[in-house]
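Visitor: This is the structure I want to talk about, given as structure tokens.
Each reported figure results from applying straightforward, stated rules to the coordinates on display, with no laboratory input. It should be emphasised that the depicted structure is a prediction, and the values quoted were computed from it without experimental measurement. Cβ sites come from the backbone with ideal geometry, for glycine too, and all protein chains shown count toward neighbours.
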Amino acid sequence: MTHRPEDAPAGAGFEFVDGLDEAIERAREAAGDKEVFVMGGADMIRQALRGGYVEELTITIAPVILGAGKQLFEGFDESLNLEHVRLLQSPFATHITYRVLH
């Protein structure tokens, strides 16, 4: 998802909709019986969590300092109950997956 449609590469097959709800609906229609993955920045992830769309949350930690940026849960004032599902680790990144309990 983006707030800047002008950044989409030409001919890349991007579709633009009016918000997260419509994007999820369209993704589910396109996926049929397959899973839908939401990937994006902190703002998008917070919106998906608030909307109740997230069943599993994978947080990736890489051993690189990138400087300033948006914190994933900055300004997120809702409580989440998470259940640990798995941990995948390599020298390049650690991926921690949680099930979001509703």
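Visitor: Under 5 Å between amide H atoms, partner at least 5 residues away or on a different chain: which partners does Y98 have, H built in plane at 1.01 Å?
Guide: The list, which skips near neighbours in sequence, is L57, T58, I59, V85.
Visitor: What number, in percent, do you get for the relative contact order of the chain if the mean sequence gap of Cα pairs under 8 Å and at least 6 apart is divided by its residue count?
Guide: Normalised by residue count, the contact order of the chain is 24 percent.
Visitor: Then there is this: Are there trypsin sites (Lys or Arg not before Pro) in segment 1-89 that DSSP puts in a loop and that have at most 14 other Cβ atoms within 10 Å, and which ones?
Guide: Details: sites: R26, R28, K34, R46, R50, K70, R86; in loops: K34, K70.
Filter output for segment 1-89: K34, K70.
Visitor: If you don't mind, there's one more thing I want to ask. Using semi-axes √(5λ) of the Cα gyration tensor in Å as the read-out, say which of (i) 32, 23, 10; (ii) 37, 15, 13; (iii) 24, 19, 16 was calculated from these coordinates.
Guide: Looking at semi-axes √(5λ) of the Cα gyration tensor in Å for this model, the match is (iii).
Visitor: If neighbour count is taken as other Cβ atoms inside 10 Å, put V64, V17 in order from fewest to most. It would help to have the intermediate numbers written out before the result.
Guide: Values: V64 7, V17 13.
If I rank by nearby Cβ atoms, fewest first, I get V64, V17.
Visitor: ³J(HN,Hα) across segment 77-85 via Karplus (A = 6.51, B = -1.76, C = 1.60, θ = phi - 60°), whole Hz, x for Gly/Pro?
Guide: 9, 9, 8, 10, 9, 10, 10, 4, 10
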